[in-house]
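Participant: Starting off with a structure, shown below.
The values are calculated or read from the model by the stated rules, or taken from the named source; none is laboratory data. Worth saying up front: this structure is predicted, and the values here are computed from it rather than measured. For neighbour counting, all protein chains shown are included, and Cβ atoms are generated from backbone atoms with ideal geometry for every residue, glycine included. Accessible surface areas use protein heavy atoms only, side chains included; no ligands, DNA or RNA. Shrake-Rupley method; radii C 1.70, N 1.55, O 1.52, S 1.80 Å.
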Amino acid sequence: MTQTSRARKFGLAVAQMGPVHLADTRQAVVKRLVDMLREAAARQATFVVFPELALTTFFPRYWMTEAEAVERYFERAMPNADVQPLFDAARELRVGFYLGYAELTPDGRRFNTAVLVDRSAKVVGKYRKVHLPGHDDHKPDAPFQHLEKKFFQVGDLGFPVWNTQDINVGMCICNDRRWPETWRAMSLQSAELIVLGYNTPSWNIHWNEPVHLRTFHHEIVLQASAYQNAVWIGAAAKCGSEDGFHMIGSSMIVAPSGEIVARASGEEDEVITAQIDLDLGATFRQHVFNFAKHRSPQHYRLIVERTGAGEPLPLPPEAH
């Protein structure tokens, strides 16, 4: 009898959240997260992706002082008393998770943060958002604010990759997904699965962008990034209309082929799952994006030497 190799299957869940309103309590939000964690476990998932800033409304849309934001929306420890039920359920069910929240450090720094939690409910990784969108000044004529640059500092931990459940996992948050360097930094560390949460407004306050492009750009960047880096992606939205401010949904699981294998159908709390085949990523890393065999980083130095676009480089004689 011929022995066939067993595929590396992994039970991945993405837990999309509907709106979290200003009046919603942490306890009510955490109960929703626990309910979705239990649903994911019942569907044979061993890891759940929750959204960015999952515990509160998307507060950077409101103008307030930093002190008021800290008092109402930031977490001084993770876990804490309000979030402990989620960690207790994860330990009971043996399910790990990714959770986004606003972090206040002991020395008073503020970050848009996500933690990676293992099946014993231990925090094994932390990521702080690098690509902060928006502005830090008050724009009274805008339909809402986007004040991440006011309330958060740029993340200082880089783009690490952790091994949990025998899988190399990377994390990013929302706007990070639009930047190709995010994905490549982690794929060069042999990431197999990259997870992210997001809160993406349906309106663009800077120009009259067609609404459908907000979702289209979200989809295309995840599909291209999964393919070009040979990784699985799990992306969880907080979406719908929070006190009248609408955000896109389209939470999804994307394969290293670039195909969407699971996708949320609405804009409420919804769990999507897939038994992802990690060997599929290995196939693409071997036969298509074999970095060791094909990359030429000596020709990419400009990527790290420049921040903004500048003049074309001087041409070598042979290029004239």
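Participant: Criterion first (out of contact with any Gly (no Cβ under 6 Å at 6 or more places or on another chain) and not in a loop (DSSP other than H, G, I, E, B)) does L55 satisfy it?
Facilitator: Working: out of contact with any Gly (no Cβ under 6 Å at 6 or more places or on another chain): yes; not in a loop (DSSP other than H, G, I, E, B): no.
Considered against the rule, which asks whether it is out of contact with any Gly (no Cβ under 6 Å at 6 or more places or on another chain) and not in a loop (DSSP other than H, G, I, E, B), L55 comes out as no.
Participant: Could you say whether any residue in the stretch 205-224 is touching a Ser or Thr at 6+ places or on another chain (Cβ under 9 Å), open to solvent by 30 Å² or more (accessible area, probe 1.4 Å), touching a residue at least 60 places away in the same chain (Cβ under 8 Å) and not β-branched (V, I, T)?
Facilitator: no
Participant: From (1) touching a residue at least 24 places away in the same chain (Cβ under 8 Å); (2) exposed (fewer than 15 other Cβ atoms within 10 Å of the Cβ); (3) not hydrophobic (A, V, I, L, M, F, W, C); (4) not in a loop (DSSP other than H, G, I, E, B), pick out the condition that doesn't hold for D156.
Facilitator: The failed condition is (4).
Participant: Still on this structure, I have one more. What residue, among those in the stretch 12-42 that are of a type outside the set (S, T, Y), open to solvent by 10 Å² or more (accessible area, probe 1.4 Å) and part of a loop (DSSP other than H, G, I, E, B), is nearest to I194 (Cα to Cα)?
Facilitator: Of everything passing the filter in the stretch 12-42, P19 is nearest to I194 (Cα to Cα).
Participant: Does the stretch 134-142 include one or more residues that are over 24 Å from N199 (Cβ atoms) and in contact (Cβ under 8 Å) with a residue 12 or more places away in the chain?
Facilitator: Within the stretch 134-142, the subset over 24 Å from N199 (Cβ atoms) is none.
No, because not a single residue in the stretch 134-142 is over 24 Å from N199 (Cβ atoms) and in contact (Cβ under 8 Å) with a residue 12 or more places away in the chain.
Participant: Among the residues in the stretch 161-180, are any more than 22 Å from M78 (Cα to Cα), assigned to a loop (DSSP other than H, G, I, E, B) and open to solvent by 50 Å² or more (accessible area, probe 1.4 Å)?
Facilitator: Scanning the stretch 161-180, I find at least one residue that is more than 22 Å from M78 (Cα to Cα), assigned to a loop (DSSP other than H, G, I, E, B) and open to solvent by 50 Å² or more (accessible area, probe 1.4 Å), so the answer is yes.
Participant: While we're on this one: Of everything in the stretch 246-269 that's out of contact with any helix residue (DSSP H, G or I) (no Cβ under 6 Å at 6 or more places or on another chain) and not in a loop (DSSP other than H, G, I, E, B), which residue is most open to solvent (accessible area, probe 1.4 Å)?
Facilitator: It comes out as R263.
Participant: A further question on this structure: Quick check on the stretch 102-139: of everything there that is of a type in the set (V, I, T) and outside any strand (DSSP E or B), which residue is most open to solvent (accessible area, probe 1.4 Å)?
Facilitator: Within the stretch 102-139, the match that is most open to solvent (accessible area, probe 1.4 Å) is V130.
Participant: If I ask for residues that are in contact with a strand residue (DSSP E or B) (Cβ under 8 Å, 6 or more places away or on another chain), aliphatic (A, V, I, L, M) and under 18 Å from Q145 (Cβ atoms), which ones from the stretch 23-68 would you list?
Facilitator: Hit for the stretch 23-68 is L53, nothing else.
Participant: Taking the stretch 235-245 on its own, how many of its residues are charged (D, E, K, R) and either in a loop (DSSP other than H, G, I, E, B) or open to solvent by 20 Å² or more (accessible area, probe 1.4 Å) (or both)?
Facilitator: Quick first cut of the stretch 235-245, residues charged (D, E, K, R) only: 238, 242-243.
Those left that are additionally either in a loop (DSSP other than H, G, I, E, B) or open to solvent by 20 Å² or more (accessible area, probe 1.4 Å) (or both): 243.
Residues flagged as charged (D, E, K, R) and either in a loop (DSSP other than H, G, I, E, B) or open to solvent by 20 Å² or more (accessible area, probe 1.4 Å) (or both) within the stretch 235-245 amount to 1.
Participant: Okay, moving on. I want to confirm something. Restricting to the stretch 108-164 and keeping residues that are among the basic types (K, R) and in contact with a helix residue (DSSP H, G or I) (Cβ under 8 Å, 6 or more places away or on another chain), which single residue is farthest from H206 (Cα to Cα)?
Facilitator: First, pick out the residues of the stretch 108-164 that are among the basic types (K, R): 109-110, 119, 122, 126, 128-129, 139, 149-150.
From what is left, the residues that are in contact with a helix residue (DSSP H, G or I) (Cβ under 8 Å, 6 or more places away or on another chain) are 110, 119, 129, 150.
Working: R110: 25, R119: 42, K129: 22, K150: 17 Å.
Per the stated criteria, the residue is R119.
Participant: A further question follows. Got at least one residue in the stretch 7-24 being of a type outside the set (G, A, S), at pLDDT below 95 and farther than 22 Å from R128 by Cα? Spell out the reasoning first.
Facilitator: In the first step, residues of the stretch 7-24 are kept if they are of a type outside the set (G, A, S); the result is 8-10, 12, 14, 16-17, 19-22, 24.
Cutting the leftovers down to at pLDDT below 95 gives us 8.
If we keep only those that are farther than 22 Å from R128 by Cα as well, we get 8.
Among the residues of the stretch 7-24, at least one is of a type outside the set (G, A, S), at pLDDT below 95 and farther than 22 Å from R128 by Cα, which makes the answer yes.
Participant: Condition test on A230, is it in contact (Cβ under 8 Å) with a residue 40 or more places away in the chain and at positive phi? Let's see the steps before the verdict.
Facilitator: Values: in contact (Cβ under 8 Å) with a residue 40 or more places away in the chain: yes; at positive phi: yes.
In short, yes.
Participant: Further, regarding this structure: Among the residues of the stretch 181-204 satisfying the criterion of being of a type in the set (S, T, N, Q) and surrounded by 17 or more Cβ atoms within 10 Å (Cβ to Cβ), which is nearest to L55 (Cα to Cα)? Walk me through how you get there before you give the answer.
Facilitator: In the first step, residues of the stretch 181-204 are kept if they are of a type in the set (S, T, N, Q); the result is 182, 187, 189-190, 199-200, 202, 204.
Imposing the further condition that a residue be surrounded by 17 or more Cβ atoms within 10 Å (Cβ to Cβ) reduces the set to 182, 187, 199-200, 202.
Working: T182: 25, S187: 29, N199: 12, T200: 16, S202: 20 Å.
Applying the filter and picking the extreme gives N199.
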